[in-house]
Amino acid sequence: RAKSSLHLHHEYFIAEMEDSPRRRLEIIRQLREDFDAGKLALWYQPQVALDSGEIVGIETLARWPQADGEGFVHPPSVFIPLAEYSGLIVDIGEWVVVEACAAFARLRELGLAPRHIAVNVSMPQFRSPHFSTLISETLARHALPAGALELEITESVAMDEPKIVANTLRALKRAGARIAIDDFGTGYSSLNHLRELPIDCLKIDRSFIDEIGADTSGGEAMQEAKGTTRGGMFAETIIALGRKLGIATVAEGVETAAQAEFVRAQGGTIGQGYFFARPMPFAALVDWLAARRAD
Ligand code: C2E
Ligand code: MG
Ligand code: MG
Ligand code: MG
């Protein structure tokens, strides 16, 4: 009992620290310093075609490693929002695009490249008028074909200011990018608006994949009896929507064979998650792709 109240107190203290403005500014200062010193890293997670098992894409994920190489200073869920808040995300985001395209070009040289590499894009980057120029110049520098770079934009960004977003997305498409809507289903999409946007892919939020086959014992049956079961219903609906719109669907956070099979049976095209592979550094990705090719 004493231990758990100590634990609670500790959690509370951490939450307080992260929340205090001084603590936030300190993290931002440290992030800027480490970013300028070239200490941020990119990790990569494969995306797998559910019917053939072919690797179709790779998502790029930012990491903030500790100096001793033992762990991470903070996870993206902490430092990305602070980078957005401080404006630092524009420089970080540019580095991510440049670095991801260079990594993809290297995979092409090695004969290990899938169809595309994806990067996450935040609102402030999306708003920058230079962003589409950065995309076209970076693709050109590495002689990458149109569609080699996928931009993941969250649903809330995509649904903000419909006219501006539609125009920006069209400019990005002209620059050669593919467009994916990330965390789909967690925001407030107008389906009518969605139809107007030049979207190539919907990424089904992990929370909906979590609901698939989570409990095959009593829990789900009891929920079902009460008529409140949701097991996979949202995933199923989003997959059907993707099919109607004629675009790919990526299931995020696939952790079990049952989830992969459910999504595949519903007609979902691509899976991403620990079941296939965790995010990994570039050297590990090269080994993973090479081993996979050898099979
Ligand atoms: P996201 O774009 O939705 O990325 C997917 C997240 O799910 C990643 O978390 C990934 O490591 C995690 N994930 C993948 N498969 C599984 C699984 O099977 N189970 C579980 N539990 N998790 C899985 P991560 O890397 O911590 O990134 C969190 C979020 O931070 C990302 O969510 C994205 O919104 C943001 N982020 C990461 N890197 C960048 C970046 O370079 N730029 C921007 N703007 N945002 C980024
Ligand atoms: Mg993403
Ligand atoms: Mg996501
Ligand atoms: Mg996200």
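Can you find even one residue in the range 192-201 that is within 14 Å of ligand 3 (Cβ to nearest atom), part of a strand (DSSP E or B) and closer than 28 Å to E261 by Cα? Spell out how you get there, then give the answer.
Step one: of the range 192-201, the residues within 14 Å of ligand 3 (Cβ to nearest atom) are 201.
Next, from what is left, pick out any that are part of a strand (DSSP E or B): 201.
Those still in the list that are closer than 28 Å to E261 by Cα too: 201.
The answer is yes; a qualifying residue exists.
Of all residue pairs spaced 6 or more apart or on separate chains, those with beta-carbon atoms under 9 Å, a first member in the range 116-141 that is at pLDDT 95 or above and a second member that is aromatic (F, W, Y) and assigned to a helix (DSSP H, G or I) are H116/F104; I117/F104; V121/F131. Condition check: within 16 Å of ligand 3 (Cβ to nearest atom), part of a loop (DSSP other than H, G, I, E, B) and within 19 Å of the chain's Cα centre (by Cα). Does G147 satisfy that? No: the conditions fail for G147.
A search for C-beta distances below 7 Å between a residue of the range 182-201 that is under 24 Å from G232 (Cβ atoms) and any residue that is acidic (D, E) and surrounded by fewer than 17 Cβ atoms within 10 Å (Cβ to Cβ), counting only pairs 6+ apart in sequence or on different chains, returns nothing. All conditions but one from (1) within 16 Å of ligand 2 (Cβ to nearest atom); (2) more than 16 Å from the chain's Cα centre (by Cα) apply to G93; the one that does not is (2). If only residues of the range 172-188 that are more than 16 Å from ligand 1 (Cβ to nearest atom) and part of a helix (DSSP H, G or I) are counted, the one that is surrounded by the fewest Cβ atoms within 10 Å (Cβ to Cβ) is R174.
Test of understanding: among H142, H116, which residue is within 16 Å of ligand 2 (Cβ to nearest atom) and of a type outside the set (S, T, Y)? Give the steps one after another, and end with the answer.
On the way: H142 fails: within 16 Å of ligand 2 (Cβ to nearest atom).
Selected residue: H116, the only one of H142, H116 that is within 16 Å of ligand 2 (Cβ to nearest atom) and of a type outside the set (S, T, Y).
In the range 130-171, of all residues being under 30 Å from L191 (Cβ atoms) and touching a Phe, Trp or Tyr at 6+ places or on another chain (Cβ under 7 Å), the one that is surrounded by the most Cβ atoms within 10 Å (Cβ to Cβ) corresponds to I153. In the set E196, E211, only one residue is more than 13 Å from ligand 1 (Cβ to nearest atom) and either closer than 13 Å to T249 by Cα or surrounded by fewer than 17 Cβ atoms within 10 Å (Cβ to Cβ) (or both); that residue is E196.
Among residues of the range 271-295 that are under 19 Å from A105 (Cβ atoms), those with a beta-carbon under 6 Å from a residue that is part of a helix (DSSP H, G or I) and within 14 Å of ligand 1 (Cβ to nearest atom) at least six positions away or on a different chain give the pairs F282/A103. Conditions: (1) closer than 30 Å to R29 by Cα; (2) more than 16 Å from ligand 4 (Cβ to nearest atom). E161 meets all but one. Number of the miss? Result: E161 passes all but (1).
The values are calculated or read from the model by the stated rules, or taken from the named source; none is laboratory data. Being a predicted model, the structure only gives us computed values, none of them experimental. In this analysis, Cβ positions are derived from the backbone assuming ideal geometry, glycine residues included, and neighbour counts consider all displayed protein chains.
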